[in-house]
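The values are calculated or read from the model by the stated rules, or taken from the named source; none is laboratory data. Treat the numbers as computed from the prediction; the structure is a model and nothing was measured. Please note: Cβ atoms are built from the backbone with ideal geometry, for glycine as well, and neighbour counts cover all protein chains shown. Heads up: the accessible areas ignore ligands, DNA and RNA and are worked out on the full protein's heavy atoms, side chains in. Shrake-Rupley method; radii C 1.70, N 1.55, O 1.52, S 1.80 Å.
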Amino acid sequence: MFGLGTLINVVCIVAGGAVGLLASGIIDDRLQQALLHACGVCVIFVGASGVMQHVLAAQAAADGTISLSTQGTMMMLVSLALGTVAGELLDIDARFETLGEWLRDKTGSSGDTRFVDGFVSASLTVCIGAMAIVGSIQDGLSGDWSTLALKGALDAVIVCSMAASMGRGCLFAALPVGVLQGTVTVLATLLHPIMTTAALANLSLVGSALIFCVGVNLIWPRTFKPANMLPAVAIAVVCAFV
């Protein structure tokens, strides 16, 4: 079935968020805050490990010693710098918040002060990354939904934890995931030649850096504006062809 992978991913996010929302009703505010910080630490390490995986390369010398070299740091710096400038000019963060506020009002959640933060944080966490792009292209070209199903299982756990501490806004992260991955699936034939190994590596590296920023925000709110850094992902792909 065409687009089945995205559908599975969306269902997993909603299901995970629903479980987390049910759990939030039986834990107090202090425990919710502790859970939010724990989730933030996990997201930070997910982002950091993704960055280190691409930046650090082990090299074995003739004498058997192993040394570490860095790669991709200049590309990451250029992508984040230019992407942040573009994002700030477009003010993507404000647009995300406006969408979150609209969803909050339309779903009768106007009294939920955490709705917008939950929606934005969860959306950025589950949307950014090479897995979403690769899985969607596989789904669009050959109907292989296995990668997106695996991503859906991981997203369910992440959104479950976030919803338990940040509320129902996290469930609506399924909307941008559906739009993004659905669009890539439809355009898979056009995007496949562009998403080379180098392009996907760059996307994964910069995407991991943005996930790290999301994790930091879960512990220290408003430290970064990850939404305004999103254009960096597109610039990272372009850098693979420069």
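Tabulated data
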quantity	calculated
Residue list for the stretch 167-224, restricted to those being outside any helix (DSSP H, G or I) and over 19 Å from residue 139 (Cα atoms)	167, 220, 221, 222, 223, 224
Unique match (being open to solvent by 50 Å² or more (accessible area, probe 1.4 Å) and closer than 21 Å to residue 48 by Cα) among 157, 120	157
The stretch 54-97: number of residues that are open to solvent by 50 Å² or more (accessible area, probe 1.4 Å), within 26 Å of residue 158 (Cβ to Cβ) and modelled with pLDDT of 85 or more	1
Among (1) part of a helix (DSSP H, G or I); (2) in contact with a Lys or Arg (Cβ under 7 Å, 6 or more places away or on another chain); (3) at pLDDT below 90; (4) not hydroxyl-bearing (Ser, Thr, Tyr) - the single one residue 112 does not satisfy	(1)
Residue in the stretch 26-45 that is modelled with pLDDT under 90, over 20 Å from residue 158 (Cβ atoms) and surrounded by 17 or more Cβ atoms within 10 Å (Cβ to Cβ) present	no
